[in-house]
Amino acid sequence: MDAPPENHFRSRPGAIRAWENVLHWLFRGATYLVLLCGGLVFGQIVWRGAQTVFTTRAPFVNVAFFTEAPESLHVFEYQGQKQELGDRAFNAFKVAHPDAKDVKDESYVYSAGGIFPCIVGTVLLVAGSMAIALFLGVSSAIYLNEYAHDSALVRFIRLAILNLAGVPSIVFGLFGFGMFVIFFGWNVSLIAGWFTLAFMVLPVVITASEESLKAVPKGFREGSLALGATKWQTIRQNVLPYALPGILTSSILGIARVAGETAPIMFTAAYVVRDKLPWEGLTKASDFFFQGVMALPYHIYVVSSKIPQNEYTARVQYGTAFVFLLLVALIASASIVLRSRLRNRYKW
C-alpha cells in the first residue's frame, strides 16, 4: 500500500515549540498559584469566621453577633468556673451576685457583643455612594457618548477620567476630608462619606456606562429619530434600556470597591464606636445625613491593628471579615440577578 501523504501543516518539534510549551505551563502554573493563594486566604476566613457566626445549637446562628453593638469582654473565674461576659451581661451579673463585686477580671475591648451598627453603616455607605455615583456617572456617560462631539477637550476629559481610576483611595480620602468635612462643614458624616466614595468609583462607572452606550446599535437611534422622537426621547426609550446591563456591571465593580475601602471613610464618615444608630436621637430629619457611622472595614482595621491581639479579638476579626464578605456577595449578587433579567428582557 502507498504511504499516506505527509501533513505539511502539523506541528513539528523544535526549540521554539519547546519554549512555547515551557511558557504555557509557566503561565498555567502562575494562574493556579494565584487561585490557590486566594482559596487559602478565603478558606481561612470562611473556616474561622464560621466558628464565630454559627453555633452548634438552634437556631445555629450567633444572633447576638448580628444584632448587638461591640462591647468589651470580661473574663473571670467565679466559683471555680471560667466566665466570659460582655459589658452589659457583666454588670448584670455583679448585681445578681453581690459576692462577685470584688472579683478580678481581665477585659478585652471590642471582643464581645456584635457588629450590627457596623453592618448598618456599611449598607448605608454603599447604597448612598452608589446612588450618587450611578446618577452622576450615567449622566456624564450620556453626555460624552450622545451629545459631545469628538474634540480635543472631550478627548482630554476621557483621558482625565481614565487617570482618575488609578488614583489611590487614600488620596480620595484626603480630598473628601478637605472638601466635604472642612470646606463644606459637613464634618464626619454619612453625606461626606457618600460623596467621597462616589467620586472614587465615578471613573469606573463613567467608563463602563459609556462603553455600554456605544454597544447599542446606531440603528436604534436612527429609527427612533426618523419616527419623529426627540434626542432625549430616543436616549431614554431606545438606548438606555439596552445599555442597563452594562451599566449594572459597573455598579457591581463599584460596590466591590466602595464596600472594602477603609481610608476614605476613616477620614470622612466612620467612627470607631458610636452608641446610636443613624436614625436614633434625631431632632430633625436632615440630621440623619450629618452624623457618622460605624463600618465593617474600619471595624476590622481597628480590631486587627489598634488594640492588643489575643484569641478573643481573633474571633471578632474573622467573624467580621466573614460577614463582610457575605454582605458584599449579597449586594453584588442582587445586581447580577437584576442584570441577567434585563439582558433577557432587552435583546436585539
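Take each uninterrupted DSSP H stretch in the chain, measure its Cα extent along the helix axis, and return the ones at 20 Å or beyond whose mean Kyte-Doolittle hydropathy is at least 1.0.
116-142, 190-215, 240-260
Quick check: the distance between the Cα centres of the range 253-280 and the range 153-218, to the nearest angstrom?
Each part reduced to its Cα centre gives a spacing of 17 Å.
Dipole of the chain, Cα-centred, from +1 at each Lys and Arg C-beta and -1 at each Asp and Glu C-beta, to the nearest 20 debye? All intermediate terms of the calculation are to be shown ahead of the outcome.
Details: 29 positive and 22 negative charges, 233 e Å.
Charge dipole, the chain, about its Cα centre: 1120 debye, nearest 20.
Using 0.36 nm per residue of separation minus the Cα-Cα distance, give me the extension gain between Trp232 and Ala18 in nm, one decimal.
Here the answer is 71.2 nm.
Using helices alone, what [θ] at 222 nm do you get for the chain, with -39,500 (n - 2.57) per DSSP H run of 4 or more residues, divided over all residues and rounded to the nearest 500?
When only DSSP H runs of four or more count, the value is -20500 deg cm²/dmol.
Determine Rg/Rh for the chain; Rg is computed over alpha-carbon atoms and Rh is the Kirkwood hydrodynamic estimate from the same atoms. Intermediate results must be reported in sequence, preceding the final value.
Details: Rg = 27.4 Å, Rh = 24.4 Å.
That ratio is 1.12, to two decimals.
Computed from the coordinates by the stated procedures, all read-outs in this text should not be read as laboratory data. These numbers were taken from a predicted model, which means no experiment stands behind them. Cβ coordinates were reconstructed from backbone atoms using ideal geometry, including for glycine residues, and neighbour counts include every protein chain displayed.
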